[in-house]
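Notes to accompany the following structure.
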Amino acid sequence: MEASEEQPGPRPPHPGDHRIRDGDFVVLKREDVFKAVQVQRRKKVTFEKQWFYLDNIIGHSYGTTFEVTSGGSLQPKKKKEEPTSETKEAGTDNRNIIDDGKSQKLTQDDIKALKDKGIKGEEIVQQLIENSTTFRDKTEFAQDKYIKKKKKKYEAMITVVKPSTRILSVMYYAREPGKINHMRYDTLAQMLTLGNIRAGNKMIVMETCAGLVLGAMMERMGGFGSIIQLYPGGGPVRAATACFGFPKSFLSGLYEFPLNQVDSLLNGTFSAEMLSSEPKDSASVEGSNGTLEEKQTSEQENEDSMPEAPESNHPEEQETMEIVSQDPDYKEPKERGSKKDYIQEKQRRQEEQKKRHLEAAALLSERNADGLIVASRFHPTPLLLSLLDFVAPSRPFVVYCQYKEPLLECYTKLRERGGVINLRLSETWLRNYQVLPDRSHPKLLMSGGGGYLLSGFTVAMDNLKADPSLKSSTSTLESHKTEEPAAKKRKCPESDSTFQKLL
């Protein structure tokens, strides 16, 4: 019975999925700092002013903490029992402690000499505690704060975690918020919820957030359903999508379509010849601003690969999963000097891309998408008014913008156009809390804003204007509705006479 109820999925369970393998995408974590890299043997990685190799993490479980040793080697950290609070000597308050810089007996030269001898960071922290004249006079909370500060400075501890939507969104928002249009992770979670992203859906997405929104949708859909990505410029930017490390089976339901061909698809003039003759510089979305935005898109495509793999000599490997998986075959003919093989490989790729574009055009032409997600730096009004025609009735749509003024204009245009209900413009408010024994409180620093969302549902447009017979019948109905019932007419004079008697 157990075997009969199992449904086949796009990715069969692998016994080593919980362990790190060569070629996997992982996220390095140190305190609140994250960095996404790809595991490769003998690849030098620089993180938080330290360099090391990732060879030793292969075969270990996700979530393992490693210590950077001499020679750039990573060694799993052994868990040690921390001393109980009874053995600690702590003062009652810090009023008599003066920060004059003379409480530490060890100098910077002494600490540097300890590092040169190869002494671990944990031992250096212990010696700093022993040589501090004011450590025992501090309160227990102050002692913990002191130890945490010194460990962060001298102990090189790195935790390897599995990529997820929350981790990658936190990483991008902290390191390069401009690449994701300053979209906070709680705003992204609201988008996925309001857009009803789930397995089996047929979704349309238009985003310029380095592929973060696309990756979040793919993760939630789990390889089931289809996603059509509309992109400006020469091609989609998927630097963040590559960091998720999705299997190839997830890519079978991912389609892409150029944004400058949407109008021809709506007008019914789209053809396969338009794809082959498509110029490199795409048509502008908003008049003269389009050329500038497209140049920024190409610049973003070159920059997005840098935070994830700064040591890589080929940053284009981080842009898409297809390029990552096919780069060796793509460059091998060029390295051998065979120009003919190189041209054939290029033509084959162009044919495959054209085929995928035609498949995406066929899916869009059905006009029965289950939802629409827009998160770009372009003005949302022309995008949304055009793309809503591809969405089926009673389906959600969500538009993200860093500023509220463009969404207010979009809200007004949608009300004038009709065909949508339950329009709502919202902003999420986020505050982080420190949760520790006897000292839980809101953190002093908090995010000023994470963007604005415009959400709603599509409904079938009213076609009464095109049929005059229906128009006359509706006018008759409206006249009956506006006419006041006879019972109410009789009540009016009675109420007036009663009022006069009371006077």
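Residues of the range 384-418 that are touching an Asp or Glu at 6+ places or on another chain (Cβ under 9 Å) and of a type in the set (A, V, I, L, M, F, W, C): Phe390, Val391, Ala392. Here the condition is being under 20 Å from Pro177 (Cα atoms) and not aromatic (Phe, Trp, Tyr); of Arg367, Arg417, Arg377, it holds for Arg377 alone.
Scanning the range 440-461 for residues that are part of a loop (DSSP other than H, G, I, E, B) and either surrounded by 10 or more Cβ atoms within 10 Å (Cβ to Cβ) or touching a Pro at 6+ places or on another chain (Cβ under 9 Å) (or both) returns Met446, Ser447, Gly449, Gly450, Gly451, Val459, Ala460, Met461.
With respect to Glu130, is the statement that it is more than 30 Å from Pro380 (Cβ to Cβ), of a type in the set (Asp, Glu) and surrounded by 14 or more Cβ atoms within 10 Å (Cβ to Cβ) true?
Details: more than 30 Å from Pro380 (Cβ to Cβ): yes; of a type in the set (Asp, Glu): yes; surrounded by 14 or more Cβ atoms within 10 Å (Cβ to Cβ): no.
No: the conditions fail for Glu130.
Is there a residue being aromatic (Phe, Trp, Tyr), over 19 Å from Asp438 (Cα atoms) and at pLDDT below 80 anywhere in the range 136-158? Among the residues of the range 136-158, at least one is aromatic (Phe, Trp, Tyr), over 19 Å from Asp438 (Cα atoms) and at pLDDT below 80, which makes the answer yes. Residue count for the range 11-41 under the criterion of being at pLDDT below 50 and surrounded by 14 or more Cβ atoms within 10 Å (Cβ to Cβ): the result is 0. Kindly establish whether Val237 is outside the structural domain of Gly23 (by the TED database), under 15 Å from the mean Cα position of the chain (by Cα), part of a loop (DSSP other than H, G, I, E, B) and buried (at least 23 other Cβ atoms within 10 Å of the Cβ). In short, yes.
Here is the figure for the range 42-64: residues that are under 16 Å from Glu31 (Cα atoms) and open to solvent by 60 Å² or more (accessible area, probe 1.4 Å) total 2.
Whenever a residue of the range 353-371 is closer than 21 Å to Met218 by Cβ and surrounded by fewer than 20 Cβ atoms within 10 Å (Cβ to Cβ), its partners that are modelled with pLDDT of 90 or more and among the aliphatic types (A, V, I, L, M), lying with C-beta atoms within less than 6 angstrom and at least six residues away or across chains, give the pairs Leu363/Ile228; Asn368/Ala392.
Is it the case, given these coordinates, that Tyr172 is of a type in the set (Phe, Trp, Tyr), in contact with a helix residue (DSSP H, G or I) (Cβ under 7 Å, 6 or more places away or on another chain) and at pLDDT below 80? The answer is no for Tyr172. Residues in the range 171-227 that are under 18 Å from Leu454 (Cα atoms), assigned to a helix (DSSP H, G or I) and over 13 Å from the mean Cα position of the chain (by Cα): Thr193, Leu194. Only one of the listed residues (Arg198, Arg136, Arg184) is surrounded by fewer than 17 Cβ atoms within 10 Å (Cβ to Cβ), basic (Lys, Arg) and assigned by the TED database to the domain that holds Pro232. That residue is Arg198.
Based on what the data block shows, is Leu430 within 30 Å of Ser365 (Cα to Cα) and either in the same structural domain as Pro258 (by the TED database) or at pLDDT 85 or above (or both)? Considered against the rule, which asks whether it is within 30 Å of Ser365 (Cα to Cα) and either in the same structural domain as Pro258 (by the TED database) or at pLDDT 85 or above (or both), Leu430 comes out as no.
The values are calculated or read from the model by the stated rules, or taken from the named source; none is laboratory data. Everything numeric here is computed off the predicted structure, so don't read it as measured data. Note that we place each Cβ from the backbone using ideal geometry, even for glycine, and neighbour counts take in every protein chain shown. Calculation scope for accessible area: heavy atoms of the full protein, side chains included, ligands and nucleic acids excluded. Shrake-Rupley method; radii C 1.70, N 1.55, O 1.52, S 1.80 Å.
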